[in-house]
């Protein structure tokens, strides 16, 4: 029998909220951003006007720099897993813009005297391996002492300006492809409250650790007309931003959303986070067809994801080839809807 002195540290037990579920609610954030002065420059290709995933600055006709950052509290118990998930989540913004990550800087708040030094070493080991897997280098960072562990990364990347993906650009007739299964929010809540085992949570950890690199051939890359990664605001929150930016209605088949193992059960049992409520509040006035959707499927659509998949608006004729191209790395990738002319609401559920 393990004694308290030899029991492994469970990082999720050290925080109140974990992962992207700890983000400021989408509605509150949008209101805050709306009050800030608009930033513009001829070489600022992407700012925060349309709530894109990263900023993009043109340095030449051939090269644009992608800049992003992300950090959060632990959503998994194992330090190496947490480092890997935090890195994969931050890198995802660069992939969501169609780019390639190059360098990363660490953002760390660490409770010295509460967590041992070995935890920090494992955090950075997991993070560095993931950053290197993505083709980038960890080149520095900044740390502070804090009561609560927080880890993230500022990531830079590159993209040709003509290969840039944005929230804006979805075209009528496109189909919507989601590359990862959803349910990390409810499953993480269940783990923290000891309502599922570490073994049951393992598929969610594996999904969150996976880097969102698609490695598409040039013709398939060009067939993606708009993209975003699905994180704390859930599928519907990020889809709403894409629909607004593109001036279209996204018809989302909630029954087609791929779910992580165990997520349907925990949602049906009502294991939710505060972000389920704030995400639902953010989208509810902009969604048609809500009354016809099963409650579990609705909750899955607003489940706050950490290091979730990419939501892509893809030319219909190219979608089968794209799904085939990513199937080995992303076996859960699925068509989850289509793009229609702007209707009464930006989102319509089926």
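Every number here is computed from the coordinates shown, using simple stated rules; none is lab data. Because the structure is a prediction, the values reported are computed rather than measured. Neighbour counts run over all protein chains shown; Cβ positions are idealised from the backbone, glycine included.
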Per 5 Å bin, what is the whole-percent P(r) computed from every C-alpha pair distance within the stretch 44-132?
3, 13, 22, 20, 15, 11, 8, 6, 2, 0, 0
For the stretch 74-205, shape from the Cα gyration tensor axes a ≥ b ≥ c, cut at a/c of 1.5 then a/b versus b/c, turns out oblate
Taking the Cα-to-Cβ direction at residue 171 and at residue 129 and moving 7 Å from each Cα, how far apart do the two end points lie in nm?
4.2 nm
Relative contact order of the chain: what whole-number percent is it, with Cα pairs under 8 angstrom and at least 6 residues apart?
23 percent
Under the Kirkwood approximation applied to all pairs of distinct alpha-carbon atoms, what is the hydrodynamic radius of the stretch 187-263 in Å?
15.2 Å
Looking at the chain, send over the antiparallel percent of its DSSP beta bridges, to the nearest 5.
75 percent
Cα convex hull volume per residue for the stretch 144-214 (Å³)
175 Å³
Please report, to two decimal places, log10 I(q)/I(0) for the chain at q = 0.12, 0.15 Å⁻¹ as given by the Debye formula with identical point scatterers on the Cα atoms and no solvent.
-0.83, -1.32
Residue of 85, 293, 211 that the Gaussian network model of the chain assigns the largest fluctuation, springs spanning Cα pairs under 10 Å:
293
Calculated FRET efficiency for the pair residue 329/residue 121, C-beta based, R₀ 25 Å, to 0.05
0.30
The stretch 175-349: antiparallel bridges as % of DSSP beta bridges, rounded to 5, reads 75 percent
Under a point spin-label approximation (7 Å from Cα along Cα-to-Cβ), what is the residue 253-residue 59 distance to one decimal in nm?
4.3 nm
May I have the pair-distance distribution P(r) for the stretch 175-349, computed from all Cα-Cα distances with 10 Å bins from 0 and rounded to whole percent?
11, 40, 35, 13, 1
Ranking request for peptides 310-317, 228-235, 182-189, 37-44: highest mean number of other beta-carbon atoms within 10 Å first, then the rest in descending order.
182-189, 228-235, 310-317, 37-44
In this structure, the FRET efficiency calculated for residue 146 and residue 34 from their beta-carbon separation, with R0 = 41 Å, to the nearest 0.05, is 0.85
Note: probe point = Cα of residue 9 + 7 Å toward Cβ; backbone nitrogen < 14 Å; residues of the stretch 103-122 passing the test are 109-122
GNM top mover of 53, 122, 328 - the chain, alpha-carbon springs below 10 Å
328
For the stretch 303-350, state the semi-axes of the equivalent ellipsoid (square roots of 5 times the eigenvalues of the alpha-carbon gyration tensor), sorted largest first and rounded to whole angstrom.
23, 17, 8
Could you tell me the ratio Rg/Rh of the stretch 11-163? Both radii from Cα atoms, Rh via Kirkwood.
1.01
